[in-house]
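Contents: one structure, followed by commentary.
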Amino acid sequence: MISASALTVGEIVAEREVQLSRDSLVRYAGASGDFNPIHYRDDLATAVGLPGVLAHGMLTMGFAVQPVVDWLDGDPGRVVDYQVRFTRPVLVDPQDGATVVIVAKVGAIEEAGARIDLTVTFNGETVLGKAQVRVALPV
């Protein structure tokens, strides 16, 4: 089991690349009930001034925390707080999809665990700002 005393601020604890496709967005829409057409129809996305189909923000937020949960031996109950700011959309190309890169680093050691800071990027640009996961860890 991971302990807070074994961690070092700045240490990378997890990294992952997530590949999204238009099929991913349709499946998420069905699971979440969010059928806003900006998430699957280019014509409607561009009609409202967007550059194309965008991934759901909550989908991005959800898969961004998963590497931390996996690092916690798959125990999501050890995540005590998770917050992000949506800073840029993830455009999902109809042929190539989108690759989102996640890097999780120890941001702080805290009394009850640690703060893990996430860097979540698409095409080299941050898509989730101030993404922080507070996790419960033994000392």
Average accessible area per residue (Å²) across the chain - probe 1.4 Å, nucleic acids and ligands excluded: 52
5 angstrom amide H check on GLY52, placed H, neighbours 5+ away: none
Dipole magnitude (debye, nearest 20) for the chain, charges at Cβ of Lys, Arg, Asp, Glu: 260
Degrees, to the nearest 10: 22-32 long Cα axis against longest axis of the chain: 70
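For the chain, divide the Cα radius of gyration by the Kirkwood radius and give the resulting Rg/Rh value with two decimals. Don't skip to the answer; put the middle values down first.
Working: Rg = 16.4 Å, Rh = 15.8 Å.
We get a ratio of 1.04 for the chain.
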Rough spin-label spacing in nm, given labels placed 7 Å along Cα→Cβ, for ALA136 and ARG115: 2.0
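In µm²/s, what is D for the stretch 86-139 at 25 °C and 0.890 mPa s, where D = kT/(6 pi eta Rh) by Stokes-Einstein and Rh is the Kirkwood radius from Cα pairs? Could you put the intermediate results ahead of the total?
Working: Rh = 12.5 Å.
The estimated diffusion coefficient comes to 196 µm²/s.
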FRET efficiency for ASP93 and GLU15, using Cβ-Cβ distance with R0 set to 25 Å, rounded to 0.05: 0.60
On Cα atoms only, tilt of 57-71 relative to the major axis of the chain in degrees: 30
Centre separation in Å (Cα based) which lies between the stretch 1-65 and the stretch 84-98: 7
For ILE116, residues with placed amide H under 5 Å, excluding near neighbours: GLY107, VAL133, ARG134, VAL135
For LEU50, net neighbour charge (Lys/Arg +1, Asp/Glu -1) across residues whose Cβ lies under 14 Å away: -1
³J(HN,Hα), Karplus 6.51/-1.76/1.60, whole Hz, each residue of the stretch 125-135, x for Gly, Pro: 10, 5, 10, 10, x, 6, 7, 9, 10, 9, 10
Simple label model, 7 Å out from Cα along Cβ direction - ALA108 to PHE35, nm: 4.4
Bins of 10 Å, starting at 0 and running to the largest distance - Cα pair percent for the stretch 6-50: 22, 32, 19, 18, 8, 0
Dipole of the chain, positive direction: furthest Cα of PRO89, VAL68, PHE122, with charges on the beta-carbon: PRO89
From phi via Karplus (6.51, -1.76, 1.60), per-residue ³J(HN,Hα) for the stretch 48-54 in Hz, x at Gly/Pro: 9, x, 8, x, x, 5, 10
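The values are calculated or read from the model by the stated rules, or taken from the named source; none is laboratory data. Bear in mind that the values here come from a model prediction, so they are computed numbers and not experimental data. Reconstructed Cβ throughout: ideal geometry from the backbone, glycine too, with neighbour counts over all protein chains shown. Protein only, heavy atoms only, side chains kept; ligands, DNA and RNA dropped before computing areas. Shrake-Rupley method; radii C 1.70, N 1.55, O 1.52, S 1.80 Å.
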